[in-house]
Amino acid sequence: MNFVITVLTLTVRFSAALLIASLGEMFNQRSGIFNLGCEGIMCMGAFMGMLIPFSYAGAEAVPFYINLLGLLGGLASGIVLGLFFGLIVITFRAPQGIAGIGLQMLGVGIAGTLFRSYIGGTQSISGISSFDIPLLSQIPVVGKIFFTHNPIVYIAYLMVPLASYIIFKTPWGMKVRAVGTNPRAADSLGINVNRIRYQALATGGAMAGLAGAFLTLCQAKMFNADIISGRGFIAVALVYFGHWKPSRIMFGAILFTFAQTLQTQIQIFVPSFKYYEFLNMLPYVLVIAVLAISRESNKLGPSALGKPFNREMRT
Amino acid sequence: MQNEKDQITNLRLEHITKRFPGVLACDDISLEIGKSEVLALVGENGAGKTTLMNIIMGLYQPDSGSIFINGQEVHLKTPNDAFDCGIGMVHQQYMLVPNMTVLENIALGMKDCWKTAKVDLKLVRDRIKEVSEKYGLAVDPDAFIWQLSVGEQQRVELVKTLCLGARFLILDEPTSALTPQETDELIVLLKRMSEELSIIFISHKLQEVAALSNKVAILRHGAVVFQGNTAEHSTSDIAALMTGHEVKLPENTEPPCQGEDALVIKDLCVKSDRGFMALDHLSLSVRNGEILGIAGVSGNGQRELAESITGLRRTSGGTITAFGDEIQNHTPNHIIRHGIGYIPEERNTEGIVPSMSIKENIILKDSSQSRFCSHTFLKQKYIAQYAENLRQRFDIRCPGINTAAGSLSGGNIQKVILAREIDRKPRFLVCVYPIRGLDLGAAEFIHKKLLELRKSGVGVLLISEELDELMNLSDRIAVIFKGQIQKTLDRKDATRRSLGILMAGVKDEKQL
Ligand SMILES: Nc1ncnc2c1ncn2[C@@H]1O[C@H](COP(=O)(O)OP(=O)(O)OP(=O)(O)O)[C@@H](O)[C@H]1O
Ligand SMILES: [Mg+2]
């Protein structure tokens, strides 16, 4: 029982970063741009999340607003990188896949270099800690699983309905969907395709940066250059997995994190288990398996994904 | 910028020139449209009609020339500028987002329904209702675009333009995918609307031009070669001016054909995309050297029939026999090798690969045949020669055979497909709406080619909604209705009236 509760609690906690990043990536993809550089943006965000509180007080406890500033710093660095990516793939129309890989290396590279020159080696920070919500956390089992987390975790889950509302109900969301599916049609109605795509990239970048800062400030409470360890790429995959719908993306994020947590906990609880590589592999196999068997028409997805827009070019 | 309420009493284009790489699409065009006028713009495929209209909409920037509205020069940099002046356009290639509803598609253009936190869909719904009622155009606001037939999409496109409050309408081939009845209704509607607004109307069907417009301008190779009042010229005059020679659509006058059966379909059952039975125990046969026309309102199983013959759709019962062999549920490749050619309805997605060159598209079906390929290498020189030859024979208007096929004008894309399919010398040809969007000269040419094929002993299944086309070419005409052949008529018995009645689902005229 304890094992189960631990796994579920950690699932809720650890899924937050993945969830925020993949919701952000959904905005990118809905507008027709897939940003493989998500990993790099997250890494940069994670570094900002370290840098700001650390330069204020090192490993000492810092006032809450400094940590908040760390999160905002991550978010801001994400916006900058998102817009930079836009410059490359929207304005210069570079192939998105290649540019995305470049952005990933750039983000990880810059963060790693700055980390070495400003901070030096592994240092920990106090970060933002989890707290128990009064009363609710007292509920047996459920209380522990759902109500003993960091405030950012709740914000991550609140983002799901919010993102859903924004993409399906607001004028901006409608325009994002239109430019990602038939940019020519959007253009013919006077919508500035490239501006909307820049805005979507800024949004997606902000969320990826925030997710990264969350990892350092709330989860690891330290930074190193491979802190993201593939979450950015998983986020891209989850968007496909979730067919560009926030609720299904959330489901994917939970499923993946659950498998991930389960396997690490098994390794902890059963240290004698020899084939741990097999366990490491498990979450990824699971995602691939679900992707393979979930057959659904792509009629509802952004069909102009990956294609730069040029008004005067046919095809 | 114009005041919202201002009527456009005069739109004048002066010396508009527009070049694309390798093509002069508009060559020093000057035109003028006055109050409540309907200007018909006609011309061959690739003459530059769509390009000129896109310039008026601010989608393309002219290389030189100017546009005046009510005597004032305007600079139309984006479609928004054109909307602000009150210009609206129904595009030849529908400008709709398939994964959104009709409502949302229209909301995309209606800036007054964009509230900060929410799209005011109620406002849009009311506007659609108002427009549908005023003009008698019914659309289902909650349907997704991908669920609609091509004809319905055309209607949505029209309603959209009207909802956005256009006071000057540009219609680029608005009738190409409508049924004859819908076309007639639209013409009546446009006539009524022309009392309060000016219209530019593009069409290849000269009866429509004659019925609707009061002025006509003919474009050829990007230049205006003729302008005049419609009433003073007969349609055949206009056709002659347009193509440079007198157009006479060829007719099949040969006696009924006695050849052997080429294609026999027995009790064919096929499901549609939406899951219902699109073909319900359909049977028909076509002989060698015979053209069998399939008449019917689109959506009665034509698409499924063509796709199941060509192996693109699984059948759920019955047999399709071609030259003695059953071919149902075989791979498209097998069926192509069996000698069956196909001219599909969706030319951009099924007929060509838009990003590949004309040359490559022409050899697409035979790239591994020894004609074009030796030891796994393509015979580039021979292929280029061959493609060049087809380009000239089929009069494909393009900068060269290495241009991407997708950059051609709609009619010229069709010619690429026809050139490939006809010159491959099929034993049997399935032909779906072959002249949709083609200019008269091209239609005449294609019809000649089809009759030549027939003469050389090839059987042709011709699916079309144009009764004239069917009656001109077919030896027999089968009328399809709800997935079944209603009745098959010999050419001599087929009249517009008898076909129309059968197409409406009435089997026996006495029932009327
Ligand atoms: N965006 C583009 N890029 C390159 N070439 C183009 C482009 N748009 C049009 N063209 C070329 O300009 C010429 C005019 O094309 P346009 O679409 O205006 O013809 P059209 O008169 O509308 O023909 P159709 O009747 O077939 O629709 C064609 O030769 C076409 O290949
Ligand atoms: Mg055109």
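Figures for the structure shown
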quantity: Residue match in segment B:497-512 (condition: in a loop (DSSP other than H, G, I, E, B), in contact with a helix residue (DSSP H, G or I) (Cβ under 7 Å, 6 or more places away or on another chain) and within 27 Å of B:S236 (Cβ to Cβ)); calculated: no
quantity: Helices (runs of 4 or more DSSP H) completely within segment A:129-198 that count 3 or more residues being hydrophobic (A, V, I, L, M, F, W, C); calculated: A:142-146, A:151-169, A:171-181
quantity: Scope segment A:1-45; condition part of a loop (DSSP other than H, G, I, E, B), of a type in the set (A, V, I, L, M) and in contact with a helix residue (DSSP H, G or I) (Cβ under 7 Å, 6 or more places away or on another chain); matching residues; calculated: A:I33, A:L36
quantity: Condition broken by A:K307, with the remaining ones in (1) away from chain B (no Cβ under 14 Å); (2) of a type outside the set (D, E); (3) surrounded by fewer than 17 Cβ atoms within 10 Å (Cβ to Cβ) satisfied; calculated: (1)
quantity: Whichever residue in segment B:36-46 is aliphatic (A, V, I, L, M) and over 16 Å from the mean Cα position of the chain (by Cα) and, among such residues, is nearest to ligand 2 (Cβ to nearest atom); calculated: B:L41
quantity: A:I88 out of contact with any helix residue (DSSP H, G or I) (no Cβ under 8 Å at 6 or more places or on another chain) and either surrounded by 20 or more Cβ atoms within 10 Å (Cβ to Cβ) or in a helix (DSSP H, G or I) (or both); calculated: no
quantity: Matching residues, segment B:54-92, being in contact (Cβ under 8 Å) with a residue 40 or more places away in the chain, within 16 Å of ligand 2 (Cβ to nearest atom) and touching a His at 6+ places or on another chain (Cβ under 9 Å); calculated: B:M57
quantity: Restricting segment B:129-149 to residues that are more than 23 Å from B:D184 (Cβ to Cβ) and in contact with a helix residue (DSSP H, G or I) (Cβ under 6 Å, 6 or more places away or on another chain), the residue that is farthest from the other protein chains (Cβ to nearest Cβ); calculated: B:P141
quantity: Lone unmet requirement of (1) away from every other protein chain (no Cβ under 11 Å); (2) modelled with pLDDT of 90 or more; (3) in contact with an Asp or Glu (Cβ under 7 Å, 6 or more places away or on another chain) for B:Q92; calculated: (2)
quantity: Residues satisfying the stated conditions in segment A:1-59, i.e. of a type in the set (F, W, Y) and in contact (Cβ under 8 Å) with a residue 40 or more places away in the chain; calculated: A:F3, A:F14, A:F27, A:F34, A:F47, A:F54
quantity: Strands (runs of 3 or more DSSP E) (entirely within segment B:400-484) containing at least 1 residues that are within 22 Å of B:V247 (Cβ to Cβ); calculated: B:428-432, B:459-463
quantity: B:F394 being in contact (Cβ under 8 Å) with a residue 12 or more places away in the chain, outside the structural domain of B:Y94 (by TED's automatic domain parsing), more than 16 Å from ligand 2 (Cβ to nearest atom) and over 30 Å from B:G293 (Cα atoms); calculated: no
quantity: Test: B:S498 is free of Cβ contacts under 8 Å to residues at least 12 places away in the same chain, out of contact with any Cys (no Cβ under 7 Å at 6 or more places or on another chain) and either away from ligand 2 (no atom under 16 Å from the Cβ) or over 24 Å from B:M242 (Cα atoms) (or both); calculated: yes
quantity: Residue among B:I413, B:I480, B:I463 that alone is within 16 Å of ligand 1 (Cβ to nearest atom) and either of a type in the set (D, E, K, R) or under 28 Å from B:G151 (Cβ atoms) (or both); calculated: B:I413
quantity: Subset of segment B:196-205 [surrounded by 21 or more Cβ atoms within 10 Å (Cβ to Cβ) and more than 16 Å from ligand 2 (Cβ to nearest atom)]; calculated: B:S198, B:I199
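Listed here are the residues, each with its yes/no results for (1) outside the structural domain of B:I396 (by TED's automatic domain parsing); (2) over 30 Å from B:N402 (Cα atoms); (3) buried (at least 16 other Cβ atoms within 10 Å of the Cβ).
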site: B:F276; (1), (2), (3): yes, yes, no
site: B:H281; (1), (2), (3): yes, yes, no
site: B:L292; (1), (2), (3): yes, yes, yes
site: B:A295; (1), (2), (3): yes, yes, yes
site: B:I309; (1), (2), (3): yes, yes, yes
site: B:I327; (1), (2), (3): yes, yes, yes
site: B:P332; (1), (2), (3): yes, no, no
site: B:E345; (1), (2), (3): yes, no, yes
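The values are calculated or read from the model by the stated rules, or taken from the named source; none is laboratory data. Here the structure is a predicted model, which means the values were calculated and not measured. Using ideal geometry, Cβ is built from the backbone for each residue, glycine included, and neighbour counts are taken over all protein chains shown.
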